[in-house]
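Working notes, beginning with the structure itself.
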Amino acid sequence: MSKQRSEQAISLTDLWVDRAVYRPGEAATLLLLVHNREEHPVTALLHVALSWLDQEVSGYDQWLEIQPGQQQVSLPLALPVESFRGYGVDVTLGDEGASPWARRSTALDVLENWTQAPRYGFLSDFAPGDHGAEAACASLARYHVNLAQFYDWMWRHYILMPPEEEFSDALGRRVSLRVVREKVAACRAQGIAAMGYAAVYGAEPEYALEHPAEMLYDEEGKPYSLAELFYIMNIHADNPWRALILAEMARAVREVPFDGLHLDQYGFPKGQVFGPAPQRVPYDLAEDFPVFIDAARAAIREARPDARVIFNAVENWPIETVAPTGQDATYIEVWPPYTNYADLQKLILEARRLAPEKQVILAAYLTPLKGAREADVLQAESATRLASAAIWANGGFHLLMGERDGALCDPYYPLYASLRPEFADIMRGLYDFVVRYENTLSDPRLVTAPVDEVLQRIQIQGSAVSATGEAGTVWAILRQMPQFLTVSLINLSTAPDAAWNAPKPLAETLRDVSIELRVSGEITGVYVASPERDEGRPCSLVYRLAQRDGATWLQTTLPALEYWSVLTIKTTGTTDPA
């Protein structure tokens, strides 16, 4: 067969890895979906390359006989032992000495535990008769989700474990404990930690109204509730509710068993609250939450020594008191008044200031995806790409993706949106990208340059530059750490507004983007990468250094900017502000 015919006959349809994450010392398995359109076998030379950032660290060649039709091929891949390392995996098929016939890329990372890079996802389908646990969790792993929230898995908010295997939850939804346990096991098989949902202070009326001394009340003596579906209970150390719910949490971790718990609250009541009359003892949840979080972590660790907790700071409240607690990541559910792209950045930076050692997760639900149809779908997808880029580019992690290509568009997770296959592929590419470059996106040592410094240091020919995510601009985010200076460029040039949770027109690709960046120190290389180009593979850039007004300016040109590109400048030592 001629080389040209082989090139036309062979395609590499998909490429992924067998787990969401790997621990030091573990090996990976690559999974390739290969299609041979000929009626006879074709022999091809396969090359596998493992890269850290823009440097290939290992690779091998192997001859592969490809049978007619479509088939899945498994290949071993040894990994370095260093942890908190993201890698790109590039596979080519071709003939020796010739141009590749087919090429695909994916990513993987090596972590000690999920707290180093908490790619949070969700599971919310636990209906009796569901036999798709393995498929659901394999779908999560394709997005490299290494931490899954089991949303509304429980019987009631005040008694988590159900009285029987199949039951109706507080909202009448049918749930199977067997399915919950199967999905926990399937998550673990994929390297995904299973986090059970548990509200810290919510109780159904049948319990709350029978225990008035355990409820919280407003100034007029009316009990607080969420639409009278769930009443707000008193988590203060001397209240019986606290002992009850902590015991339930420990039991859930022990008996399901979960790897930890996602502790929820409803964003109120803020300020002073009261116990029942006649004493009307005053309380402050902003002070009680931190004590409870640490007590919950201690309680579940008695049941499972390596169990972990996450607490939901709804509307960023009360972030000042809960961020420094023993919780294992800082988690914020984003609501108004945090409506603009700049607000997402502020939330991440402030959370990092309060707890520098913890990664920051934003639960930013993409409302435009909810019920989107026809023309609305594209604008909803565009909004999703921009919001996700804003979070990841600022060092945050986005709780978005779930089972079966689902994406969160509503705070009640079972109402998630199902992505169309083409957009699911785009989002897979985005998650490949953030894993591949996690060491220059998510390293806690990265310091974000202040707004005024950004505007003084970067110029883009033909485009307005913003340091705060303004509509009609290119948003530039400068971050630096030893040996690296990164510039994330997010294309908001066609955005009519800066609202992260509103539909957006498709981005207009900017081409041959000429950039000047003020730098200092010795530059050893420059490359650009984007989830929208070449499956995230790095592209080395030609650059020149020019002296102007006593400063050094790096000049280079990006081939294109669609939604999000990251320019990386490699330096010797620390890149100081120029």
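On average, how much accessible surface per residue is there in the stretch 502-578, in Å², for a 1.4 Å probe, leaving out ligands, DNA and RNA?
Per-residue accessible area for the stretch 502-578 comes out at 45 Å².
For the stretch 22-32, just list the computed ³J(HN,Hα) in residue order, Karplus coefficients 6.51, -1.76 and 1.60, θ = phi - 60°, integers in Hz, with x standing in for Gly and Pro.
Per residue, the Karplus-derived 3J(HN,Hα) values read 10, 9, x, x, 7, 9, 9, 10, 8, 10, 10 Hz.
Using only the alpha-carbon atoms of the chain, report the extent along each of the three principal axes, biggest first, to the nearest angstrom.
For the chain, the Cα extents along the three principal axes come out at 86, 66, 47 Å.
Kindly provide the Kirkwood hydrodynamic radius of the stretch 223-277 in Å, to one decimal, from all pairs of distinct alpha carbon atoms.
Value: 13.1 Å, from the Cα pair sum.
Over all Cα pairs of the stretch 88-141, how is the pair count split among 10 Å bins, expressed in % and running from 0 up to the last occupied bin?
16, 28, 26, 21, 8, 1
Could you tell me which of P356, M401, S168 has its Cα farthest along the dipole of the chain towards the positive end, charges placed at Cβ (Lys, Arg +1; Asp, Glu -1), taken about the Cα centre?
P356
Can you tell me the orientation of helix 375-393 relative to the chain, as the angle in degrees between its alpha-carbon axis and the longest Cα principal axis, to the nearest 10?
Between the helix axis and the principal axis of the chain, the angle is about 90 degrees.
Where the centroid of each part is defined by its Cα atoms, how far is the stretch 85-157 from the stretch 413-473 in Å?
20
Output needed for the stretch 520-560: three equivalent-ellipsoid semi-axes, defined as square roots of 5 times the C-alpha gyration tensor eigenvalues, in descending order, whole Å.
The three semi-axes for the stretch 520-560 are 25, 10, 7 Å.
May I ask which residue of V314, S530, P205 lies farthest towards the positive end of the charge dipole of the chain, with charges of +1 (Lys, Arg) and -1 (Asp, Glu) on Cβ and the Cα centre as origin?
My answer, from the dipole projection, is S530.
Need one number: % antiparallel among DSSP beta bridges in the stretch 253-376, to the nearest 5.
20
Under 1.5 on a/c is rounded, so check that first for the stretch 61-160, then, if it is not, pick prolate when a/b is larger than b/c and oblate when it is not; a ≥ b ≥ c are the square roots of the alpha carbon gyration tensor eigenvalues.
Oblate.
Give the separation of the Cα centroids, the stretch 159-211 to the stretch 13-59, in Å.
Going from one Cα centre to the other spans 38 Å.
Skipping prolines and chain starts, which residues have an amide H placed within reach, meaning under 5 Å, of the one on Y331, given they are 5 or more residues away or on another chain?
The answer is F311, A313, I361.
Given a 1.4 Å probe and every protein chain left where it sits, what share in percent of the accessible area of the stretch 381-483 is carbon and sulfur?
51
As a check on your grasp of the helix formula, calculate [θ] at 222 nm for the chain: sum -39500 (n - 2.57) over DSSP H runs of n ≥ 4, divide by the residue count, round to the nearest 500.
Calculated from helices alone, the mean residue ellipticity at 222 nm is -7000 deg cm²/dmol.
DSSP loop (so not H, G, I, E, B), at most 16 other Cβ within 10 Å: list which trypsin sites (Lys or Arg not before Pro) in the stretch 259-367 pass both filters.
Of the trypsin sites (Lys or Arg not before Pro), the ones in loops of the stretch 259-367 whose Cβ has at most 16 other Cβ atoms within 10 Å are K270, R280.
Report the local net charge at I159: Lys and Arg +1, Asp and Glu -1, summed over other residues whose C-beta lies under 12 Å from its C-beta.
-2
Could you tell me how far the Cα centroid of the stretch 267-292 sits from the Cα centroid of the stretch 500-563, in Å?
Each part reduced to its Cα centre gives a spacing of 51 Å.
Return the carbon/sulfur percentage of the accessible area of the stretch 1-149, one whole number, probe 1.4 Å, all protein chains in place.
45
Which whole-Hz couplings ³J(HN,Hα) result when phi for each residue of the stretch 202-210 is put into the Karplus expression 6.51 cos²θ - 1.76 cosθ + 1.60, θ = phi - 60°, listed in order with x for Gly and Pro?
3J(HN,Hα) across the stretch 202-210, in whole Hz: x, 9, 5, x, 5, 8, 4, 5, 8.
With +1 assigned to the C-beta of every Lys and Arg and -1 to the C-beta of every Asp and Glu, and no other charges, what is the dipole magnitude of the stretch 360-475 about the Cα centre in debye, to the nearest 20?
For this selection, approximately 60 debye.
Please report the antiparallel percentage of the DSSP beta bridges confined to the stretch 93-225, to the nearest 5.
The antiparallel proportion sits near 40 percent.
If the viscosity is 1.567 mPa s and the temperature 4 °C, what translational diffusion coefficient in µm²/s does Stokes-Einstein give for the stretch 165-277 when Rh comes from Kirkwood over Cα pairs?
83
If you take every DSSP beta bridge fully contained in the stretch 396-510, what fraction is antiparallel? Give it as a percent rounded to 5.
In the stretch 396-510, approximately 90 percent of DSSP beta bridges are antiparallel ones.
Between D14 and residues 5 or more places away or on another chain, which pairs have amide H atoms under 5 Å apart, with H built 1.01 Å from N, and which residues are they?
Here the answer is L33, since their amide H atoms fall under 5 Å of that of D14.
So what are the three principal axis dimensions of the stretch 317-416 from its Cα atoms, in whole Å, longest to shortest?
Principal extents (largest minus smallest coordinate, Cα): 44, 26, 21 Å.
In what sequence, highest mean first, do 62-69, 86-93 appear when ranked by Cβ atoms within 10 angstrom?
Per-residue Cβ counts within 10 Å, averaged per peptide and sorted highest first, yield 86-93, 62-69.
So how strong a dipole does the chain carry about its Cα centre when Lys and Arg Cβ are +1 and Asp and Glu Cβ are -1, to the nearest 20 debye?
860
As I understand it, the dipole of the chain uses +1 on the Cβ of Lys and Arg and -1 on the Cβ of Asp and Glu, about the Cα centre. Which of G469, V377, Y543 lies farthest toward its positive end?
The listed residue farthest towards the positive side: Y543.
According to the Kirkwood expression over distinct Cα-Cα pairs, how big is the hydrodynamic radius of the stretch 1-89, in Å?
14.5
Per-residue counts of other Cβ atoms within 10 Å, averaged by peptide: what ranking do you get for 401-410, 246-255, highest first?
401-410, 246-255
Is the shape of the stretch 225-330 rounded, prolate or oblate, going by the alpha carbon gyration tensor and its root eigenvalues a ≥ b ≥ c, with a/c under 1.5 for rounded and a/b larger than b/c for prolate?
prolate
Which net charge results for the neighbourhood of V513, defined as the other residues with beta-carbon distances under 13 angstrom from its beta-carbon, given Lys and Arg at +1 and Asp and Glu at -1?
-2
The values are calculated or read from the model by the stated rules, or taken from the named source; none is laboratory data. For clarity, every value in this text was computed on a predicted model and none was experimentally measured. No Cβ is skipped: glycine too gets one built from the backbone with ideal geometry, and neighbour counts run over all protein chains shown. For the accessible areas, the whole protein counts, side chains as well, though only heavy atoms, and no ligand, DNA or RNA atoms are used. Shrake-Rupley method; radii C 1.70, N 1.55, O 1.52, S 1.80 Å.
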